[in-house]
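Participant: Structure below; questions to follow.
Derivation of every value follows stated rules applied to the coordinates shown; laboratory data play no part. Since the model is a prediction, treat every value here as computed from it, not as a measurement. Using ideal geometry, Cβ is built from the backbone for each residue, glycine included, and neighbour counts are taken over all protein chains shown.
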Number of protein chains: 2
Amino acid sequence: MTEPALTPARRGRPGYDQETVLRRAIDLFNRQGYDGTSVGDIAAELGLTKSAIYHHVSSKEELLAAALDEALDGLTAALNAALEQTDGSAYDRLRTAVHQSVEILIRHQPAVTLLLRVRGNSPVEVAALERRRALDEKLADLVAAAVAEGAVRDDLPPALASRLLFGMVNSLVEWYRAGGPVDAATVADAVAAMAFEGLRAR
Amino acid sequence: MTEPALTPARRGRPGYDQETVLRRAIDLFNRQGYDGTSVGDIAAELGLTKSAIYHHVSSKEELLAAALDEALDGLTAALNAALEQTDGSAYDRLRTAVHQSVEILIRHQPAVTLLLRVRGNSPVEVAALERRRALDEKLADLVAAAVAEGAVRDDLPPALASRLLFGMVNSLVEWYRAGGPVDAATVADAVAAMAFEGLRAR
């Protein structure tokens, strides 16, 4: 996973680093919407002037791009790690992909929340949607491979199963609270158990 | 399910009825965000003047309230219909609730999409979130009852199972397309099959 690509020359103003600016910006984007957030709002949130913010970043869109890259890089790395597990079955790789995706989603929850709300209203958003679509296609292929080897039921269209599976994973951003009663590993186990074995008692 | 409660005295302008105004407003709210949509935008979308819109509705918030009521009334009716099935088990009622929820979500997709994006930024939104929370609690109770009767596995916390189950249901709003290759009944069957029996081949 790569670091968010913020303007490298503008580091080191005492009090705030670019990482802090990015975190606060992501929180504001999630709270009041990207379009409803100005650079002035981000500055006010940090107790800075607008020109002090421009010491850290060149535009609001740079912050959005860094946030979306963070989410997409994490999800891509998780999927690639699962796909590189070539000693097991497609089913093993799929189950690992589900587990890893839950962990990334929880570790990068604000950035992933922002990613999942992107509607394609700017070139940065369109590029993020394209990367997201490529991930979704790889996941659907993995589900189809697990169906083909006989490990996953074949009475559901694989594309539909894939959407429901990762719809369940992605729904975490709406309700998971870090520091709450349920930790990431418990959630990842529960998602995989429910998705693959189902809720019905055996 | 009740009709959206729009100002009753202002009906009947030729060309557009309140229902059309509401549908277009919901689409705009979903596309560009409620806060990012003005009454002027809604008027422009319909090719009307702002004052012509005020012939139909007294405020933007009235349209939001009508949309959120539509979604919540539908989901409440679906859940109540399932809970009134007293001849079966809690598991039967839960499975019916999942089925009915999927159908409501697909039938009222734009209004439910709006509901699921509400963050509590106004009294209307706070009231909608309270109604939504009450529904979530009833659903969690139903999952707990199905666990208690031994039909649903007891190794997942019922509150977590409930969140994942309806997280999967709600994720439909993000990708389901009316008129696409998968109809509502197929989706409802797939959601229930995956949630209760799991993806793993038997």
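Participant: Taking the beta-carbon count within 10 Å as an exposure proxy, list B:171, A:89 from fewest neighbours to most.
Facilitator: Ordered by Cβ neighbours within 10 Å, fewest first: A:89, B:171.
Participant: Considering Cα pairs under 8 angstrom that are at least six residues apart, work out the relative contact order of the range B:73-161 and quote it in whole percent.
Facilitator: RCO, the range B:73-161: 31 percent.
Participant: May I ask you to derive the relative contact order of the range A:18-60, considering only C-alpha pairs under 8 Å and at least 6 residues apart, and to give it as an integer percent?
Facilitator: In percent, rounded to a whole number, it is 38.
Participant: A further question follows. With r as the distance between the Cβ atoms of residue A:58 and residue A:155 and R0 = 51 Å, compute the FRET efficiency 1/(1 + (r/R0)^6) and round to 0.05.
Facilitator: After rounding, the FRET efficiency stands at 0.45.
Participant: A follow-up question, please. Name the shape class, rounded, prolate or oblate, that the alpha-carbon gyration tensor gives for the protein assembly as shown, where a ≥ b ≥ c are the square roots of its eigenvalues, rounded holds for a/c under 1.5, and otherwise prolate holds if a/b is larger than b/c and oblate otherwise.
Facilitator: oblate
Participant: Follow-up. Taking N as the number of residues in the range A:10-79, what value does Rg over Cα atoms divided by 2.2 N^0.38 Å take?
Facilitator: That ratio works out to 1.12.
Participant: Would you please give the residues with an amide H less than 5 Å from that of residue B:152, counting only those at least 5 places away or on a separate chain, with H modeled from the backbone geometry?
Facilitator: For residue B:152, whose amide H was placed from the backbone, the distant partners under 5 Å are A:201, B:147.
Participant: Right, here's the next one. Quick one: what are the phi-derived ³J(HN,Hα) couplings along the range A:140-149, Karplus 6.51/-1.76/1.60 with θ = phi - 60°, whole Hz, x for glycine and proline?
Facilitator: For the range A:140-149, the Karplus curve yields 5, 5, 5, 4, 4, 5, 5, 5, 4, 7 Hz.
Participant: Kindly write out, for the range B:32-39 in residue order, the coupling ³J(HN,Hα) from the Karplus curve 6.51 cos²θ - 1.76 cosθ + 1.60 (θ = phi - 60°), rounded to whole Hz, with x marking Gly and Pro.
Facilitator: Those phi angles translate into 10, x, 4, 5, x, 10, 9, 4 Hz.
Participant: Averaging the inverse of every distinct alpha carbon separation and then flipping it gives the Kirkwood radius. What is it for chain A, in angstrom units?
Facilitator: 18.4 Å
Participant: I need the calculated FRET efficiency for the pair residue B:200 and residue A:20, taking r as the beta carbon distance and R₀ as 56 Å, to the nearest 0.05.
Facilitator: After rounding, the FRET efficiency stands at 0.80.
Participant: Still on this structure: Just tell me which lysines come within less than 19 Å, Cα to Cα, of residue A:60; anything on the same chain fewer than 8 places away is out.
Facilitator: Cα-Cα hits under 19 Å: A:50.
Participant: Give the long-range amide H neighbours of residue A:198: residues separated by 5 or more places, or on another chain, with amide H under 5 Å away, using H modelled in the peptide plane at 1.01 Å from N.
Facilitator: B:198, B:199
Participant: Which ³J(HN,Hα) values, rounded to whole Hz and listed in residue order, are derived for the range B:188-197 from phi using the Karplus coefficients 6.51, -1.76 and 1.60 in 6.51 cos²θ - 1.76 cosθ + 1.60 with θ = phi - 60°, glycine and proline given as x?
Facilitator: 4, 5, 5, 4, 5, 4, 5, 5, 9, 9
Participant: OK, next. P(r) for the range A:64-127, please, calculated from all Cα pair distances in 5 Å bins and given in %.
Facilitator: Calculated P(r), rounded to whole percents: 4, 19, 25, 18, 15, 12, 6, 2, 0.
Participant: What value, in deg cm²/dmol to 500, does the helix sum -39500 (n - 2.57) over DSSP H runs of n ≥ 4 give at 222 nm once divided by the residues of chain A?
Facilitator: Calculated from helices alone, the mean residue ellipticity at 222 nm is -22500 deg cm²/dmol.
Participant: Treat the count of other C-beta atoms within 10 Å as a stand-in for reagent exposure and order A:196, A:166 from fewest to most.
Facilitator: Lowest count first: A:196, A:166.
Participant: For the range B:1-152, what relative contact order do you get, as a whole percent, if you take Cα pairs closer than 8 Å and at least 6 residues apart? Walk me through the numbers on the way to the answer.
Facilitator: On the way: 150 pairs, mean separation 38.1, N = 152.
The normalised contact order for the range B:1-152 reaches 25 percent.
Participant: Please give the Cα centre distance for the range B:154-202 versus the range A:12-75, rounded to the nearest Å.
Facilitator: Value for the Cα centre distance between the two parts: 36 Å.
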